[in-house]
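Here is the structure we will look at, set down as structure tokens.
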Amino acid sequence: MTSASQINPAERILMGPGPSSVPHRVLRAMSAPTLGHLDPQYLAIMDETCEMLRQIFRTKNALTFPVSGTGMAGMECIATNLLEPGDEAIVGVNGVFGTRMKDVMERCGAKVHAMEQTWGESFTLTQISGALEANPKAKVLGIVHAETSTGALQSLEGVGELCKKKGVLLVVDAVTSLGGHELRVDDWGIDAIYSGTQKCLSCPPGLSPVSFGPKALEVMDARKTKVQSWYLDVSMLRKYYTGGGGGGRVYHHTAPINMTYALREALAAVLEEGLDARIERHRVLHLRLRAGLEKLGLRYVPSKSLHTLNCIHAPEGKDEALIRHRLLEEYGIEIGAGLGPMAGKALRIGLMGHSASVRNVDLVLAALAELLK
Ligand SMILES: *Cc1c(COP(=O)(O)O)cnc(C)c1O
């Protein structure tokens, strides 16, 4: 056992699949005095945080708030509130997170039809339309916008219209796209969406921003059974987060006060930079990294790559684990390994939020060039 009075973690450059590096202003905001969760000062900070989330999700949805917990809590929250035992759902499975969404929805008692695609590829509108035709009883279609396990970007344009025509709710995982990729909740007809704080928002992990549209609210209000999860039951949570129900704010669970300070500060940083400018920064830096990696002879896994996560085949004849180890120990840079069937076969380099900079791109390229010699 160490007797040190303080922990003393190294200042890593976080270029993996999340968390991304957190700016000092966000860490400072977290250390502000803790308020009570019903203190009017705190409620004002919470309301402001939800309003900033609406701007960044590009939505007018009143029910937009940060769920207590990481991105997976957001996934569970949406699944458990929208689905009842016996319901049917379609989930796009082309990586780890689509696989998880199917599992989570099945645990809610739903019959889930997998819409499958090769890992690294995305779904076409024709394929999505076919899945909707083949499963006319589906209540929900779940799809991952940014599949962090393979680095593939899923286009969502037109998907909302297809779902609307069939009366199916569109549920989107935007954990690795919110704040880094073009994302329009209202324009794209997304009914429910979840994200996380530690990816492109560059806030520590701990909250999961979610947003529910009017059709999702209708479905939740018409439930015949109680939501299986007490902690994630939105019918109770909304009385706290939106003060809905006429009775003012009602205690459900103690909000993670200092995490809210951090998220508020991280969202302020996004809006100060400008959402469009930030999305453009991610695009330009992805192109810079991509050009450098290809010069080193490295090849991308997905046909249509994310800007926020670059998944490349592990260099032939090299030990990929040793490359990651040496990047961390010698350069202080964290990158990610392959996940699931791609374990040992891929490297994942994140360019998310505060970590997406010219300095970091050029540094990781120089380090890789040295390690690949
Ligand atoms: C990271 C991630 C999650 C899970 O988020 P946690 O914060 O680790 O719980 C879900 N979906 C995608 C696409 C992710 O990248």
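The values are calculated or read from the model by the stated rules, or taken from the named source; none is laboratory data. What you see is a predicted model, and the numbers here were worked out from it, not measured in a lab. So basically every Cβ, Gly included, is an ideal-geometry build from the backbone, and we count neighbours across all protein chains shown. We work out accessible area using only protein heavy atoms, side chains counted, and drop any ligands, DNA or RNA first. Shrake-Rupley method; radii C 1.70, N 1.55, O 1.52, S 1.80 Å.
Being polar (S, T, N, Q) and assigned by TED's automatic domain parsing to the domain that holds VAL210 is a condition met by at least one residue of region 91-106. Scanning region 113-143 for residues being part of a strand (DSSP E or B), closer than 14 Å to LEU169 by Cα and in contact with a helix residue (DSSP H, G or I) (Cβ under 6 Å, 6 or more places away or on another chain) gives a total of 3. Determine which single condition VAL284 fails, assuming it passes every other condition in (1) out of contact with any Gly (no Cβ under 6 Å at 6 or more places or on another chain); (2) β-branched (Val, Ile, Thr); (3) surrounded by 20 or more Cβ atoms within 10 Å (Cβ to Cβ). In the conditions (1) out of contact with any Gly (no Cβ under 6 Å at 6 or more places or on another chain); (2) β-branched (Val, Ile, Thr); (3) surrounded by 20 or more Cβ atoms within 10 Å (Cβ to Cβ), VAL284 misses (3) alone. Against the test of being among the small types (Gly, Ala, Ser), touching a Cys at 6+ places or on another chain (Cβ under 7 Å) and in the same structural domain as LEU82 (by TED's automatic domain parsing), the options ALA216, ALA262 yield a single qualifying residue, ALA262.
The single condition among (1) of a type outside the set (Phe, Trp, Tyr); (2) part of a loop (DSSP other than H, G, I, E, B); (3) under 19 Å from HIS252 (Cβ atoms) that THR49 does not meet is (2). Pairs meeting the criteria (first residue in region 271-294 and within 16 Å of ARG58 (Cβ to Cβ), second residue open to solvent by 60 Å² or more (accessible area, probe 1.4 Å), beta carbons under 6 Å, at least 6 apart or on different chains) are ILE279/GLU182. The residues on offer are GLY167, GLY196, GLY179, and the sole one that is farther than 27 Å from ALA266 by Cβ and either touching a helix residue (DSSP H, G or I) at 6+ places or on another chain (Cβ under 8 Å) or open to solvent by 10 Å² or more (accessible area, probe 1.4 Å) (or both) is GLY167. Residues in region 69-109 that are assigned to a loop (DSSP other than H, G, I, E, B) and buried (at least 24 other Cβ atoms within 10 Å of the Cβ) were compared, and the one that is farthest from the ligand (Cβ to nearest atom) is LEU83. With respect to being open to solvent by 50 Å² or more (accessible area, probe 1.4 Å) and touching a Lys or Arg at 6+ places or on another chain (Cβ under 6 Å), ARG58 fits the description.
So, in region 1-34, how many residues would count as being in a loop (DSSP other than H, G, I, E, B), touching a Phe, Trp or Tyr at 6+ places or on another chain (Cβ under 9 Å) and under 14 Å from PRO204 (Cα atoms)? Number satisfying all stated conditions: 1. Set side by side, the residues LEU132, LEU153, LEU162, LEU125 differ, and just one is open to solvent by less than 20 Å² (accessible area, probe 1.4 Å) and at pLDDT 95 or above, which is LEU132.
Looking across region 319-342 at every residue that is more than 17 Å from ALA366 (Cα to Cα), open to solvent by 20 Å² or more (accessible area, probe 1.4 Å) and not in a helix (DSSP H, G or I), the one that is modelled with the highest pLDDT is identified as ALA337. Inside region 1-35, residues that are of a type outside the set (D, E, K, R) and either surrounded by fewer than 10 Cβ atoms within 10 Å (Cβ to Cβ) or without any contact (Cβ under 8 Å) to a residue 24 or more places away in the chain (or both) make up a count of 12. Considering region 343-358, and only residues there that are of a type in the set (A, V, I, L, M) and closer than 16 Å to CYS311 by Cα, the residue that is surrounded by the fewest Cβ atoms within 10 Å (Cβ to Cβ) turns out to be ALA343.
The single condition among (1) within 16 Å of the ligand (Cβ to nearest atom); (2) in a helix (DSSP H, G or I); (3) farther than 14 Å from SER211 by Cβ that LEU43 does not satisfy is (1).
Applying the set (1) in contact (Cβ under 8 Å) with a residue 24 or more places away in the chain; (2) open to solvent by 20 Å² or more (accessible area, probe 1.4 Å); (3) of a type in the set (Ser, Thr, Tyr); (4) more than 16 Å from the ligand (Cβ to nearest atom) to THR64 leaves exactly one unmet item: (2). Within region 292-318, the set of residues being under 26 Å from the mean Cα position of the chain (by Cα), away from the ligand (no atom under 16 Å from the Cβ) and not in a loop (DSSP other than H, G, I, E, B) comprises LEU293, TYR300, ILE312, HIS313. Of the helices (runs of 4 or more DSSP H) entirely within region 171-282, those holding at least 1 residues that are farther than 17 Å from MET352 by Cα and within 16 Å of the ligand (Cβ to nearest atom) occupy 257-273.
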